[in-house]
Amino acid sequence: MRKITQKYYIAGTDVGVGVFAKIPIKKNEVILKFKGRKINSEFTEKRNKKVKKYRWGDFLQIGNNKYINIEKPGVLVNHSCNPNAGIKNDKILIAIKNIYIDEEIRYDYSTTMDEDDWTMKCRCHQKNCRKIIKDFKYLPKTAREKYLKLGIVQNFIARKFEK
Ligand SMILES: [Zn+2]
């Protein structure tokens with residue numbers, strides 16, 4: 001059997017910890033799969049009240065009232081307004097450009113969110129940083145079209161934009 005090499009490692013960043021490329025990863029290559037228990041918003045709300053400092057990205061939205069309570073390493077992947085990765089088929093993280101060794105792997109959290117009351121302050125330091133991260137529907141049209149074309153928008157959101 002072929003040995004599958006783990007493509008990433010976990011290390012510190014200015015926003016906590018993050019996931020980094022251990023080997024060069026080519027565009028469209030699978031990086032990792034998001035795993036965890038399926039939950040609904042009742043669970044996420046209860047948890048958000050209990051935890052004082054809410055960690056954005058703990059839950060991966062996969063439906064109007066459906067989430068995955070994501071486990072490591074998926075939960076450690078940070079957001080960027082200029083990402084090098086994206087989520088295909090609701091839970092497969094793929095590279096959307098060639099990623100170099102030691103580069104941090106990040107996806108745009110807005111491609112997964114459709115909740116209305118969800119916002120996050122962004123410190124990704126990218127030139128096109130949106131500063132406040134909101135639902136997919138609030139993205140600039142060019143960004144929405146780019147992500148839809150790449151096929152890295154959660155299915156339940158993409159369906160709302162298909163006509
Ligand atoms: Zn940003």
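FYI, it's all coordinate maths here, none of it is from the lab. No experiment lies behind these values; they were computed from the predicted model shown. Neighbour counts are summed over all protein chains in view; Cβ atoms, including those assigned to glycine, are modelled from backbone coordinates with ideal geometry.
Would you tally the net charge around I157, using a Cβ to Cβ cut-off of less than 11 Å, leaving I157 out, and scoring K and R as +1, D and E as -1? Mind showing how you got there, number by number?
Numbers: positive: K137, R144, R159, K160; negative: D90, D114, E115, D135, E162.
Neighbour charge sum, excluding I157 itself: -1.
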With bins of 5 Å, the percent of all Cα-Cα pairs of segment 47-163 per bin from 0 is 2, 11, 22, 26, 22, 11, 4, 1, 0
Relative contact order, percent, of the chain when contacts are C-alpha pairs under 8 Å separated by at least 6 residues?
24
How do the peptides 63-75, 10-22 rank, highest first, by the average count of neighbouring beta carbon atoms within 10 Å per residue?
63-75, 10-22
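Among residues other than N28 whose Cβ falls under 11 Å from its Cβ, what is the net charge (Lys/Arg +1, Asp/Glu -1)? Could the numbers behind the result be given before it?
Working: positive: K26, K27, K88, K97; negative: E29.
Local charge sum for N28: +3.
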Is it possible to state the helix-based mean residue ellipticity at 222 nm for the chain, with each DSSP H run of 4+ residues giving -39500 (n - 2.57), the sum divided by total residues, to the nearest 500 deg cm²/dmol? What is it?
-4500 deg cm²/dmol
Under 14 Å, Cβ to Cβ, from N89 - net charge with Lys/Arg +1 and Asp/Glu -1
+4
Under 28 Å from the Cα of K127, which lysines turn up, not counting those fewer than eight places away in the same chain?
K7, K22, K26, K27, K53, K88, K91, K97, K137, K141, K146, K149
Can you figure out the FRET efficiency of F161 with S41, using R₀ = 25 Å and their beta-carbon distance, to the nearest 0.05?
0.70
Can you tell me the order of 118-124, 37-43, 82-88 when each peptide is scored by its average per-residue count of other Cβ atoms within 10 angstrom, highest first?
82-88, 118-124, 37-43
